[in-house]
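The values are calculated or read from the model by the stated rules, or taken from the named source; none is laboratory data. Just so it is clear, the structure is predicted and the values come from calculations on it, not from any experiment. Glycine gets a Cβ as well: all are built from the backbone with ideal geometry, and neighbour counts include every protein chain shown. Heads up: the accessible areas ignore ligands, DNA and RNA and are worked out on the full protein's heavy atoms, side chains in. Shrake-Rupley method; radii C 1.70, N 1.55, O 1.52, S 1.80 Å.
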Amino acid sequence: VQLQASGGGLVQAGGSLRLSCAASGSIFSINTMAWYRQAPGKLRVWVAAITPGGRANYADSVKGRFAISVDNPKNTMYLPMSSLKPEDTALYFCNRIPTPQSGWLSWGQGTLVTVSS
């Protein structure tokens with residue numbers, strides 16, 4: 001399965017963007033999926049996750065501003081982001097939450113979000 005993140009761009013602080021993650025197969029109904037981000041010089045971190053049943057969880061840093069969702073017929077996951085802050089600047093990736101039975105999928109190139117102050 002291939003994952004392609006898109007929708008990043010340059011936005012001013014306080015602005016909004018919507019990221020998309022298109023999958024080459026039907027994986028969202030059987031995997032807990034997540035968005036991750038990697039800021040310059042920092043490690044990749046988890047941002048938001050959604051279970052096959054639709055339960056969402058968020059990192060404290062984005063809670064109330066980001067909203068993860070999935071469109072299973074379109075094999076696409078979304079991350080609408082609002083009230084963006086300069087510290088949200090990062091390369092954003094989508095992938096599943098790994099388990100002992102299922103590791104990471106291929107990471108892809110990610111999509112860059114740059115928030116100017």
(request) Using Cα pairs closer than 8 Å and at least 6 residues apart in sequence, work out the relative contact order for the chain, in percent. (result) 37 percent
(request) Would you please state which residues of segment 63-101 a label at ALA39 would reach in this model, taking the label point 7 Å out along Cα→Cβ and a backbone N cut-off of under 13 Å? (result) 85-91
(request) With a 1.4 Å probe and every protein chain kept in, tell me what percent of the accessible surface of the chain is carbon plus sulfur. (result) 52 percent
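Any idea of the accessible area per residue across the chain, 1.4 Å probe, to the nearest Å²?
For the chain, the solvent-accessible area averages 52 Å² per residue.
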(message) Heavy atoms of the protein only, probe of 1.4 Å, neighbouring chains included. What is the accessible area of SER16 in Å², nearest 10?
(response) 70 Å²
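Could you tally the net charge around CYS21, taking each other residue with its Cβ under 12 Å from the Cβ of CYS21, Lys/Arg +1 and Asp/Glu -1? Mind dumping the intermediate values first?
On the way: positive: ARG18, LYS74, ARG96; negative: ASP71.
Here the charged neighbours net out to +2.
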